[in-house]
Amino acid sequence: MLIKKYPNRRLYNTSSRAYVNLNDLAALIRQGEEIQVVDAKTGEDITRVVLTQIIVEDAKDAPTGLPLELLRQLIMASDRAGQEFIMWYLKSAFDAYEKVQDAVQNRLKDVRSAALSPLHLVKSLLTSSAGPKAEDELEQLRRRVAELEQRQPRPRARGKTAPSKAVKKALRSPG
């Protein structure tokens with residue numbers, strides 16, 4: 001993303017065609033955007049200067065920021081070799097930090113997945129994925145029980161016996 005810096009210190013985002021400030025640039029960078037800042041008049045790349053300004057502005061608002069000893073070492077490393085070493089060291093430290101952050105995020109995803117898997121198992125058992133098959137089996141069992149009940153003779157009540165034909169005939173005829 002190309003940003004042009006004008007002599008009046010205004011920053012112009014050529015992608016969005018709007019003026020932006022340092023906070024806007026910081027937000028873009030935090031979102032992962034790659035920016036390049038050039039002097040609108042000379043075309044000189046001044047990205048490092050603008051990024052340094054963003055760091056300085058952030059340090060004003062928060063007591064954190066770069067450690068004082070590191071800032072002193074940056075100033076003291078006036079020779080090119082010293083500056084290159086410090087920059088290499090900082091880049092290595094940030095790369096290591098990013099790797100650790102990625103590893104932590106991946107482990108958190110694994111933990112979330114493991115914690116939710118029993119819940120997903122129970123949910124899948126209770127949802128419609130097993131529902132129609134279980135309902136069909138239940139209906140088949142109900143029909144089979146009804147068939148078996150129709151085939152079986154009805155049980156007689158205890159202590160009572162059905163009268164035989166001879167007893168019935170005798171009860172109907174007098175004497």
For region 2-103, the charge dipole (Cβ of Lys, Arg +1; Cβ of Asp, Glu -1; about the Cα centre) points to a positive end, and the Cα of 100, 53, 73 closest to that extreme belongs to 53
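Expected output is a single nm value to one decimal: the length gained when fully extending between residue 36 and residue 104, i.e. 0.36 nm times separation in residues minus the C-alpha distance. What is it? Numbers along the way, then the final one.
Details: separation 68, 0.36 × 68 = 24.48 nm, distance 3.08 nm.
Answer, rounded to one decimal: 21.4 nm.
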quick note, region 1-70, DSSP beta bridge pairs, % antiparallel (nearest 5) is 65 percent
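Please arrange 85, 94 by counting, for each residue, the other beta carbons lying within 10 Å of its beta carbon, fewest first. Before the final figure, lay out each step's value.
Details: 85 13, 94 10.
Lowest count first: 94, 85.
In terms of the ratio Rg/(2.2 N^0.38 Å) built on C-alpha atoms, what value belongs to region 2-103? Walk me through the intermediate numbers first.
Values: Rg = 15.6 Å, N = 102, 2.2 N^0.38 = 12.8 Å.
Dividing the Cα radius of gyration by 2.2 N^0.38 Å gives 1.22.
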Extension length gain for residue 77 and residue 146 (0.36 nm per residue less Cα distance), in nm, is 15.4 nm
Neighbours of residue 19 by Cβ distance under 14 Å: Lys/Arg at +1, Asp/Glu at -1, summed charge +4
Violations at 31 Å Cα threshold for listed pairs 4/60; 60/99; 5/91; 5/99; 4/109 -> 5/99; 4/109
HN-Hα couplings for region 88-96 via Karplus (6.51, -1.76, 1.60; θ = phi - 60°), in whole Hz with x for Gly/Pro, come out as 4, 4, 4, 4, 4, 5, 5, 4, 5
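Since every read-out is calculated from the coordinates, none of them should be taken as a lab result. Keep in mind it's a predicted model, so treat the numbers as computed, not measured. Cβ atoms come from the backbone with ideal geometry, glycine included; neighbour counts cover every protein chain shown.
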